[in-house]
Amino acid sequence: MRTVVFAIVGALGLAACNANQPPVVGAQRVVAMGKQPAAGTLNPTGNATIVDLANGDRATRINLSGLAPNTSYVAHYHKQGDMTKPPCESGGALIPTSTMIGKSDASGVLVMRGNVARDDVADATYLNVHTAAADMSTMPADAGVSCGNLK
Ligand SMILES: [Cu+2]
């Protein structure tokens with residue numbers, strides 16, 4: 001019985017990203033994250049788990065592997081740029097309030113989490129991860145190493 005309780009709590013913790021967050025509303029969304037050109041010889045893969053919260057926020061957790069070890073990254077939601085291109089190739093404007101920062105571990109695994117007002121990201125068509133300009137900086141140093149299309 002105790003094992004069952006732990007299993008359930010574990011699943012809820014994953015879905016909500018954080019034990020202190022407001023309740024989740026609606027379905028959890030998992031978006032595949034692929035490689036962007038600035039990744040060079042690296043081949044980042046993973047996903048973003050996105051849930052909406054009862055307080056009007058959207059909670060995002062990005063899990064990537066295949067990145068450079070011990071390196072700082074910065075992520076954002078972006079609006080669509082060039083309408084004729086797929087979202088991740090459109091070069092759209094970033095949404096500053098959606099900025100997330102994180103650092104990969106020695107194996108090149110990165111986990112980033114962030115909450116943003118849902119209204120701020122209503123027009124977002126993609127989510128991407130850039131190498132950071134300096135350690136834990138919010139400034140991107142490249143056009144993106146990994147991206148997920150939201151539309
Ligand atoms: Cu970005």
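Every read-out reported here was derived from the displayed coordinates using simple, explicitly stated rules and does not represent laboratory data. Computed from a prediction, not measured in an experiment: that's the story for all the values here. Cβ sites come from the backbone with ideal geometry, for glycine too, and all protein chains shown count toward neighbours.
Figures for the structure shown
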read-out	value
Charge sum, other residues only, whose C-beta stays under 15 Å from LEU42's C-beta, Lys/Arg counted +1 and Asp/Glu -1	-1
Environment charge at ILE95 (Cβ cut-off 14 Å; Lys +1, Arg +1, Asp -1, Glu -1)	-1
D (Stokes-Einstein, µm²/s), Kirkwood Cα radius, the chain, 1.306 mPa s at 10 °C	101 µm²/s
Whole-number D in µm²/s for the range 53-108 (Stokes-Einstein; Kirkwood sum over Cα pairs; 4 °C, 1.567 mPa s)	97 µm²/s
Net charge of Cβ neighbours under 13 Å - reference ASN128; Lys, Arg +1; Asp, Glu -1	0
Cα extents of the range 81-151 along the three principal axes, largest first (Å)	38, 25, 19
Helix-only CD estimate at 222 nm, as mean residue ellipticity for the chain, using -39500 (n - 2.57) per DSSP H run (n ≥ 4)	-3500 deg cm²/dmol
Built amide H within the under 5 Å cut-off of VAL145, gap 5+	VAL129, HIS130, THR131
Length added when fully stretched, ARG29-VAL109, from 0.36 nm per residue minus Cα-Cα	26.7 nm
